[in-house]
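The values are calculated or read from the model by the stated rules, or taken from the named source; none is laboratory data. Every value quoted in this text rests on a predicted model; they were computed, and no experiment measured them. All Cβ positions, glycine included, derive from the backbone under ideal geometry; neighbour counts span all protein chains shown.
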Amino acid sequence: MTPGTSVALRVLERIHGHVGWLAALALLHPAILLRRPRRRAVLAASLATSLATAAGALGVTLYPPYRAQLKQRLFVTVPTVGWLFERKEHLAVGAIALAWIGLVAHLVAPRVPGGPARDAVARLAFHAYALGAAMALVTAILGLVVSAHGTF
């Protein structure tokens with residue numbers, strides 16, 4: 001690995017962390033707005049989902065060098081933190097999936113005929129964003145713990 005590659009990985013790692021925290025906070029916004037089933041928040045939902053997806057894409061980009069350079073050392077020196085990183089990955093995927101479920105539910109809710117069915121789909125959007133925000137927040141916290149023990 002060249003010194004330039006190491007610097008690039010560090011920069012990308014920090015951008016990933018910051019975008020991850022922003023995504024966790026952004027996912028709270030549609031969760032708060034969508035507490036009322038008839039409320040529309042397409043822009044907030046779309047932007048929050050996009051930000052969470054971008055954080056995940058940065059994580060996917062960082063995973064191969066992480067696996068090659070840090071994972072074994074992390075598991076050997078601090079196995080608990082290595083396992084926390086593994087959980088962080090799973091929670092991040094769950095948060096992104098829930099954000100997309102929330103977005104799709106929010107977009108289709110007005111097209112669902114009937115009051116009770118429409119409200120149920122709208123509640124699904126709220127619950128998906130609320131749970132996704134919680135998972136993203138735990139992911140961000142675990143990211144801080146992991147980065148305190150191993151970084152590029």
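Summary table below
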read-out	value
Where L27 falls short, out of the listed (1) under 25 Å from A133 (Cα atoms); (2) in contact with a His (Cβ under 7 Å, 6 or more places away or on another chain)	(2)
Some residue of region 25-37 being out of contact with any helix residue (DSSP H, G or I) (no Cβ under 6 Å at 6 or more places or on another chain), crowded, with 17+ Cβ neighbours inside 10 Å and at pLDDT below 95	no
Lone qualifier among A97, A109 - being touching a Lys or Arg at 6+ places or on another chain (Cβ under 8 Å) and at pLDDT 95 or above	A109
Top-ranked residue in region 97-119 [being aliphatic (A, V, I, L, M) and closer than 20 Å to I32 by Cβ; ranked as surrounded by the most Cβ atoms within 10 Å (Cβ to Cβ)]	A99
Hits in region 63-77 (condition: touching a helix residue (DSSP H, G or I) at 6+ places or on another chain (Cβ under 6 Å) and surrounded by fewer than 17 Cβ atoms within 10 Å (Cβ to Cβ))	F75
Flag for G132 being small (G, A, S), in a helix (DSSP H, G or I) and closer than 16 Å to L33 by Cβ	yes
